[in-house]
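K.L.:
Have a look at this one.
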């Protein structure tokens, strides 16, 4: 966890340094008067855009279906455990060991399925994010081109790397990007 935080901090420093360097170049070259910068929040675009909402709903449904399967398996394990406890006094040592071994195998199978489920969900989330980040980037570029912006920054959030500490609402292009995203991704 600490390594990923350090990596995120370094990324932030690099981005800030690049932005400051670009700003100095523009100021020193006299282009600063024409330089327009904006910010967007890609997470908000994904959550508020119609296609993004549908994709997130689909992912939630997928997770819910898998979770129901795991819950059913959990319930089955609890019932098996309860039956083992009830039958323990009636079973011979050999039968008891065999049933306990079978129960442990079921637990291991459940844990393996749960791990596979988590990997599937992470893979689906990554696919969704990668696909939508490309779409968001395209919509952002269209908004930037139409508005004459030379630089658009990702605001970040508390869950990700927060790059922009402060911005005026006038340069927040998130709503414009949502409209463009919806226009292109019906």
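K.L.:
Looking at 105, 140, 94, 101, can you tell me which residue is in contact with a helix residue (DSSP H, G or I) (Cβ under 9 Å, 6 or more places away or on another chain) and either surrounded by 14 or more Cβ atoms within 10 Å (Cβ to Cβ) or farther than 28 Å from residue 178 by Cα (or both)?
P.N.:
Just one listed residue meets the conditions, 140.
K.L.:
If you go through segment 150-162, how many residues are under 19 Å from residue 132 (Cβ atoms) and touching a strand residue (DSSP E or B) at 6+ places or on another chain (Cβ under 7 Å)?
P.N.:
4
K.L.:
Moving to a separate point now. Looking at 46, 84, which is the one that is in contact with a helix residue (DSSP H, G or I) (Cβ under 7 Å, 6 or more places away or on another chain), within 29 Å of residue 186 (Cβ to Cβ) and at pLDDT below 95?
P.N.:
Result of the check over 46, 84: 46.
K.L.:
Here are some conditions: (1) touching a residue at least 12 places away in the same chain (Cβ under 8 Å); (2) not in a helix (DSSP H, G or I). Residue 100 meets all but one. Which one does it not meet?
P.N.:
Residue 100 satisfies all of (1) touching a residue at least 12 places away in the same chain (Cβ under 8 Å); (2) not in a helix (DSSP H, G or I) except (2).
K.L.:
Follow-up. Take residue 130 and decide whether it is more than 24 Å from the chain's Cα centre (by Cα), without any contact (Cβ under 8 Å) to a residue 60 or more places away in the chain and assigned by TED's automatic domain parsing to the domain that holds residue 170.
P.N.:
no
K.L.:
Let me ask another. Which ones in segment 147-157 are more than 13 Å from the chain's Cα centre (by Cα) and part of a loop (DSSP other than H, G, I, E, B)?
P.N.:
Those that are more than 13 Å from the chain's Cα centre (by Cα) and part of a loop (DSSP other than H, G, I, E, B): 148, 149, 150, 155.
K.L.:
Run residue 113 past the list (1) surrounded by fewer than 14 Cβ atoms within 10 Å (Cβ to Cβ); (2) on the phi < 0 side of the Ramachandran plot and report the number of the one that doesn't hold.
P.N.:
Condition (1) is where residue 113 drops out.
The values are calculated or read from the model by the stated rules, or taken from the named source; none is laboratory data. Everything numeric here is computed off the predicted structure, so don't read it as measured data. No Cβ is skipped: glycine too gets one built from the backbone with ideal geometry, and neighbour counts run over all protein chains shown.
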